[in-house]
1. Looking at (1) touching a Ser or Thr at 6+ places or on another chain (Cβ under 7 Å); (2) within 27 Å of Tyr228 (Cβ to Cβ); (3) not basic (Lys, Arg), which is the one condition that is false for Ala70?
2. Which pairs do you get when a residue that is modelled with pLDDT under 90 and in a helix (DSSP H, G or I), found in segment 63-83, comes within reach of a residue that is crowded, with 16+ Cβ neighbours inside 10 Å and charged (D, E, K, R), reach meaning Cβ atoms under 8 angstrom, with the pair 6+ apart or on two chains?
3. What is the residue count in segment 191-235 for residues that are surrounded by fewer than 18 Cβ atoms within 10 Å (Cβ to Cβ) and assigned to a helix (DSSP H, G or I)?
4. Of everything in segment 90-99, what is modelled with pLDDT under 95 and not in a loop (DSSP other than H, G, I, E, B)? Give them in sequence order.
5. State whether one or more residues within segment 22-36 are of a type in the set (A, V, I, L, M, F, W, C), under 19 Å from the mean Cα position of the chain (by Cα) and at pLDDT 80 or above.
6. Looking at segment 119-141, is at least one residue in a strand (DSSP E or B), within 29 Å of Leu272 (Cβ to Cβ) and within 14 Å of the chain's Cα centre (by Cα)?
7. Restricting attention to segment 163-187, and to residues there that are in contact with a Gly (Cβ under 9 Å, 6 or more places away or on another chain) and among the small types (Gly, Ala, Ser), which single residue is surrounded by the most Cβ atoms within 10 Å (Cβ to Cβ)?
8. Of everything in segment 103-162, what is surrounded by 24 or more Cβ atoms within 10 Å (Cβ to Cβ), of a type in the set (Lys, Arg) and at pLDDT below 95? Give them in sequence order.
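The values are calculated or read from the model by the stated rules, or taken from the named source; none is laboratory data. Predicted model only: the values in this text are computed from it and were never measured. Note that we place each Cβ from the backbone using ideal geometry, even for glycine, and neighbour counts take in every protein chain shown.
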Amino acid sequence: MSGTPVPSSRPQLQYTQSHQAVGLSHPALGLHARERIEACAQAVRQRFAKPVDAAIILGTGLGALAEEIAVEQVIEYHELPNFPLSTVESHKGRLLCGTLGGKTVVAMQGRFHRYEGYTLQQVTFPVRVLRALGAETLIVSNACGGMHPLWAPGDLMLIADHINLLGDNPLIGPNDDTLGPRFPDMSAPYDAGLRQMAREVAAAHGVPLREGVYVAVQGPNLETRAEYRFLRGIGADVVGMSTVPEVIVAVHGGMKVLGLSIITDQCLPDALEPANVAQIIAVARGAEPKLSAVVQGVLARL
């Protein structure tokens, strides 16, 4: 398992009329990136004018965390200019604007993946918009496959570092210096202060919190036994199909990032079983109260 791609009832990418300017072949960043970002951010501000303290990206099977948000405004992705549309069934495709942990937040209930056919510039366009709305902190979550032999499904992992095996990078192409530097430093993409807060909150709630390395692969197929051995051999503890592009762009834009993964199944080469998507999503949802407690506790300390 890696990131739990869920079969879609909409196999083709879909766009409203306002999305035609982006298109599949046209990166979301380029000559007029600032204008497209600002147009989308302004569309959000017209519905939700409060300055945003933090942004949250909810991964596969983790949408129920949204129930903890005191939602003031719901904005469907198709209502936003230049915004991609979710094609994965477990990703609802809307922004939830409101309050969580005493902070003003905008949460993405549904993210985008390279395997859907989007460019990484399109995948990460929402992060640019969230930054334009004022968010200085990004909390990103995902469901993932666990390769560490001592960890179990349902465990929560704090992302300490990542490996990008997507074969691409969202920063390729002309750089807009107003968005971030040409060569952003990635020595510590996951903020040390936020990670310490997460550890303290988890301990206070009695939540065991693993800490390790997340590796991102393209998908949508799950890995072979040999590939799991390779990924474990290069230093990864869990594997998924998301998160890394969003984190790269967040760091490029000067945001502090906290990453949390729910391990939904074990990917041990010598004891590998066929993936059961329904069971994987059930594990993610079952572990969500732990994730919610950590996220709300961290937000309260910001």
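1. So Ala70 meets the others, but not (2).
2. Pairs found: Gly63/Lys92; Ala64/Arg285; Ala64/Glu288; Leu65/Glu288.
3. Adding up the residues that qualify gives 13.
4. Arg94, the sole residue that qualifies.
5. Taking every residue of segment 22-36 in turn, none turns out to be of a type in the set (A, V, I, L, M, F, W, C), under 19 Å from the mean Cα position of the chain (by Cα) and at pLDDT 80 or above.
6. First pass over segment 119-141, keeping only residues in a strand (DSSP E or B): 137-141.
Narrowing further to those that are within 29 Å of Leu272 (Cβ to Cβ): 140-141.
In the following step, the residues that additionally are within 14 Å of the chain's Cα centre (by Cα) were identified as 140-141.
Within segment 119-141 (the criterion being in a strand (DSSP E or B), within 29 Å of Leu272 (Cβ to Cβ) and within 14 Å of the chain's Cα centre (by Cα)), the answer is yes, since at least one residue qualifies.
7. Looking at residues that are in contact with a Gly (Cβ under 9 Å, 6 or more places away or on another chain) and among the small types (Gly, Ala, Ser), I get Gly180.
8. Arg111
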